[in-house]
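Worksheet: one structure, shown below.
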Amino acid sequence: MREQFKKLEPKEHAPAELKKEVFDSLETLKLIADVVDLFTAKFVVSETELTSMFGADFEDIRDVDKNLEEKK
Amino acid sequence: METSDHISDKKIVEQIIATGDMELFHILYDRYVDKVYRKCLLLTKDKEVSKDLTHDILIKVFLNLSKLKKITNFSLWVHSITYNHCIDYLRRKNKIKHEDYDEALFENITEEEIEREQQELKELRLSELEVVFEQLNQEERLILLMRYKDGLSIKAIAKAFGVGESAVKMRLKRSRDHLAALLTKINSQA
């Protein structure tokens, strides 16, 4: 029984156009992954840059808050 | 110089993981596309569906290459992705049913007993099998292929279906019984 099952195999080949479709899909997925990477990397960089740019101001705001608390 | 024909699957997978080179995946694609497509075709009997399933399976294979920790048997890994994907497809199409059955009736069946039962079908001829295989339902085709074509253990089939081993034994027995009944029918008509 096992022998016959092993021989059970269609003769057909996969359609030739399938290869292009698979690799096109992989390219698209790679592109999406690159865009996502680019966005998340840029976002982290931008956020870091913003934090360092306005770091002093944030400190100032904290100082103002502290002064207000003390006056109360 | 080493031609791609002589490079092992393992070596190619290692190179893809190390370099991310998609060009190398062409070699694996050429080696496996027909195997995957034919398996899908055996299960679904539908060329368009088989083409779509093969497309998705090969993408899944590529995307999961980096998760392959130990590449001991790449071919078996591709087969298991193929079967898992086909099981998901048949579930979505409601071709695999959840049935109530008396688990106790099947839990004590040993692998030896299953082997003995299949001896009843040892006289099966390929020409007969080709005819009756078409008449089985998709779940029966799937489980018989997993067991008798690819030699998967009851445990491995149970894991793939997400059911207990006794459920697999029951489905195997029922599929074999159906196969035997169909054989009797075509032989009596001959």
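Observations on the structure shown:
- Scanning the stretch B:112-136 for residues that are within 17 Å of residue B:170 (Cα to Cα) and at pLDDT 90 or above returns a single hit, B:136.
- Total residues in the stretch B:63-80, condition open to solvent by 20 Å² or more (accessible area, probe 1.4 Å), under 21 Å from residue B:20 (Cβ atoms), in contact (Cβ under 8 Å) with a residue 40 or more places away in the chain and not small (Gly, Ala, Ser): 2
- Scope the stretch B:18-62; condition open to solvent by 80 Å² or more (accessible area, probe 1.4 Å) and either of a type in the set (Ser, Thr, Tyr) or away from every other protein chain (no Cβ under 12 Å) (or both); matching residues: B:18, B:19
- Qualifying residue in the stretch B:88-102 (condition: modelled with pLDDT under 85 and part of a helix (DSSP H, G or I)): no
- The stretch B:137-176, residues that are touching a Ser or Thr at 6+ places or on another chain (Cβ under 7 Å) and within 12 Å of another protein chain (Cβ to nearest Cβ): B:143, B:144
- For the stretch B:5-17, filtered to residues that are farther than 28 Å from residue A:6 by Cβ and of a type outside the set (Asp, Glu), the residue that is surrounded by the most Cβ atoms within 10 Å (Cβ to Cβ) is B:16.
- So residue B:37, is it touching a residue at least 40 places away in the same chain (Cβ under 8 Å), of a type in the set (Phe, Trp, Tyr) and not in a loop (DSSP other than H, G, I, E, B): no
- Qualifying residue in the stretch B:140-148 (condition: assigned by TED's automatic domain parsing to the domain that holds residue B:180, open to solvent by less than 80 Å² (accessible area, probe 1.4 Å) and either modelled with pLDDT under 80 or among the basic types (Lys, Arg) (or both)): yes
The values are calculated or read from the model by the stated rules, or taken from the named source; none is laboratory data. Keep in mind that this is a model prediction, so the values were computed, not measured. Here Cβ is always computed from backbone atoms with ideal geometry, including for glycine, and neighbour counts include all displayed protein chains. These accessible areas exclude ligands, DNA and RNA; they are computed on the full protein's heavy atoms, side chains included. Shrake-Rupley method; radii C 1.70, N 1.55, O 1.52, S 1.80 Å.
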